[in-house]
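Colleague: I have a structure I would like to understand better, so I am pasting it below and will then ask my questions one at a time.
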Amino acid sequence: MLVGVLGTGATALAADAPPGASISDSLEYVDRVPDSGGIVEGKFDTVAGREVLLTTGLYGFRAYDVSDPTDPKLLDTFQPPEVLGANGYWQDEDMEIDVRRKLIIGALDPRHDDVDQASCPGIGTLSVKTRNPRCRSGFYVISYANPGDLQQIGDFVELPVGHTTSCIEDCDYVWTGGPARRNDLASLGPFTPGGRGDGRPMWVTNLKDLAHPETYSKPIDLGRNDGLTDYSHDVDVDSDGIAWISGRGGLTGYATRGKWPDPKTDKVRPAKPWNPVLVAGGGVPGGDDGVAQPQTDFIHNSTRPLNGKVHASGVADGNVALMTEEDFTEPCDQGGRIVAADVTSSLGGDGATNSTPEHPFRMTALDSFHPARNASDSSAPITSCSAHYFELSGSTLAAGWYGEGLRLIDGSDARNLRQVGYYYVTGTDADTNPSSLSWDTAWHGDLVYLFDMSRGIEILRLKAGVASAARLPTVREPRARQDRLAAVPVEGLTAGSLVCPLFTTPT
């Protein structure tokens, strides 16, 4: 059953939806934040009693005051100064925040700033002689301890990866991965450009000491695609502390603490963030319930709900994973989907470890959803579309779906994913009212923030009475465990003042 709704404090009257909008009866349009285009995603936190929204996009980073969540007010914006144009930040697709130390960890993809990739032969080798400095990749650390004055902390941490970066163990460590690779990373194993193996795994950085971040020499999540190292795209850490890596070849789950049987050696060993133990996961089959393109099987992001709200008959609670497949096969109904899978058969990691193209291991698909396949009367008039990021509140997914806009999916029965709301715009003016190009979402009680690359931030409300009277919780980053030795907030470190050693092994 869809989790229901009450108000969220300060409320605003519903506004008229923009021209060309299609919107379900279950939603009402609240507002569009001015000059917020080029956005990739955003997350909520509270700083000194004030609620803020932190966003990333082509503009770099922004902080908004959302004391009134229906009317965000811009507090500050920060674009890293090195070789980035005013709108050259790319891509930080899943911006991470450290809520304990009030830090943004923002990935920088090597494809930023419209640089000619042919001039970037050194990515992955970090050779000073061959590297074009505009081709750098890695991550920045930005303090939002004062949301009205965003400040870079230390130097840019340069890595051979930079599409996404994710916190592990309360942001004491970060895992950074993606994007596709070129022949300068051929040491990772064979690959087909644009196909199987064409991707970068995860590099691990110790971020306990912001003045001296240290990156481990060996990447992790190797052999994820039927034995071949491939594109490790993003990480979602569940409430049990298992880190789920999505990418080409499926979904892999790792323990980063405690002792676990290692399926590669059949011996019990300690799991560490720089040497995790594979404990679950694998590929996802095709078919009506699975992915659209099992040959490429690019799982984009995921969540393993442990809140007791998502169930599937015959499956133990906690063994359901929800994920998106990114795929742009045309026509629209052949594109990437939201997929639910049963991870039970994958527990222990033996299946994924021993999977080969000749004898592939696949988890059990439960159901899938795509607007053009499963809700065609509400599908946008486009030919190429794919699922992108989503956020789960209770049992309800708010999914950003590129040209298909916002899709609200009831996931309470993972064997029957069903749409309970939608919103998208078929644009009437490319500058003032463009078509939807939705990348991500965030829940704030009954409000849904839609982060749209073309349209910016749009706010919608799930109407009261849609289901029961229980309030949807605001979804925030996990609260980090308090560290009495940590300085909160972080202040006083200026960009360029610190040296970040590369590719060393922390003790």
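Colleague: Could you look through the stretch 56-90, keep only residues that are open to solvent by 40 Å² or more (accessible area, probe 1.4 Å) and touching a Pro at 6+ places or on another chain (Cβ under 7 Å), and pick out the one that is nearest to Leu450 (Cα to Cα)?
Modeller: The selected residue is Leu75.
Colleague: For the stretch 319-341, which residues satisfy the criterion of being in a loop (DSSP other than H, G, I, E, B) and either among the aromatic types (Phe, Trp, Tyr) or open to solvent by 10 Å² or more (accessible area, probe 1.4 Å) (or both)?
Modeller: Listed by number, the residues that qualify are Asn319, Glu326, Asp327, Phe328, Thr329, Glu330, Pro331, Arg337.
Colleague: Could you list all residues from the stretch 164-196 that are part of a loop (DSSP other than H, G, I, E, B) and either more than 30 Å from Thr329 (Cα to Cα) or modelled with pLDDT of 95 or more (or both)?
Modeller: Glu169, Asp170, Cys171, Asp172
Colleague: Then there's this: With respect to Leu251, determine if the residue is among the hydrophobic types (A, V, I, L, M, F, W, C) and out of contact with any helix residue (DSSP H, G or I) (no Cβ under 7 Å at 6 or more places or on another chain).
Modeller: Taking the combined requirement at face value, the residue satisfies it.
Colleague: Restricting to the stretch 277-307, and then to whatever is of a type in the set (Asp, Glu) and surrounded by fewer than 23 Cβ atoms within 10 Å (Cβ to Cβ), can you tell me which residue is farthest from the chain's Cα centre (by Cα)?
Modeller: Checking each candidate, the answer is Asp288.
Colleague: Restricted to the stretch 199-208, and to residues that are crowded, with 18+ Cβ neighbours inside 10 Å and assigned to a loop (DSSP other than H, G, I, E, B), which residue is modelled with the highest pLDDT?
Modeller: Out of the qualifying residues, it is Leu207.
Colleague: While we're looking at this one, here's another question. Within the group Gly249, Gly241, Gly253, which residue is of a type in the set (Gly, Ala, Ser) and surrounded by fewer than 23 Cβ atoms within 10 Å (Cβ to Cβ)?
Modeller: Gly241
Colleague: What is the one condition in (1) of a type in the set (Gly, Ala, Ser); (2) assigned to a loop (DSSP other than H, G, I, E, B); (3) under 17 Å from the mean Cα position of the chain (by Cα) that Ala211 does not satisfy?
Modeller: Condition not satisfied by Ala211: (3).
Colleague: A further question on this structure: Go through Val174, Val141 for me and flag whichever is in contact (Cβ under 8 Å) with a residue 40 or more places away in the chain, crowded, with 18+ Cβ neighbours inside 10 Å and farther than 26 Å from Leu222 by Cα.
Modeller: Val141
Colleague: Counting only residues that are touching a residue at least 24 places away in the same chain (Cβ under 8 Å) and over 20 Å from Met95 (Cα atoms), how many does the stretch 36-55 have?
Modeller: Number satisfying all stated conditions: 1.
Conditions (1) modelled with pLDDT under 95; (2) under 29 Å from Asp172 (Cβ atoms); (3) in contact with a Lys or Arg (Cβ under 8 Å, 6 or more places away or on another chain), marked per residue:
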| position | (1), (2), (3) |
| --- | --- |
| Asp236 | no, yes, yes |
| Ile242 | no, yes, yes |
| Gly258 | no, yes, no |
| Thr265 | no, yes, no |
| Asp297 | yes, no, yes |
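Colleague: Just to be sure I understand, how many residues within the stretch 102-145 are assigned to a loop (DSSP other than H, G, I, E, B) and either modelled with pLDDT under 65 or in contact with a Cys (Cβ under 7 Å, 6 or more places away or on another chain) (or both)?
Modeller: Number of matching residues: 15.
Colleague: Sticking with this structure for a sec: Name the residue that is farthest from the chain's Cα centre (by Cα), counting only residues in the stretch 53-106 that are charged (D, E, K, R) and within 16 Å of Phe156 (Cα to Cα).
Modeller: Across the stretch 53-106, the extreme among qualifying residues is Glu82.
Colleague: With Asp350, Asp367 as the choices, which residue is more than 23 Å from the chain's Cα centre (by Cα), among the charged types (D, E, K, R), modelled with pLDDT of 95 or more and open to solvent by 10 Å² or more (accessible area, probe 1.4 Å)?
Modeller: Asp350
The values are calculated or read from the model by the stated rules, or taken from the named source; none is laboratory data. All values reported here derive from a predicted model rather than from experimental measurement. Quick reminder, even Gly has a Cβ in these numbers, built from the backbone with ideal geometry, and neighbours come from all protein chains shown. For the accessible areas, the whole protein counts, side chains as well, though only heavy atoms, and no ligand, DNA or RNA atoms are used. Shrake-Rupley method; radii C 1.70, N 1.55, O 1.52, S 1.80 Å.
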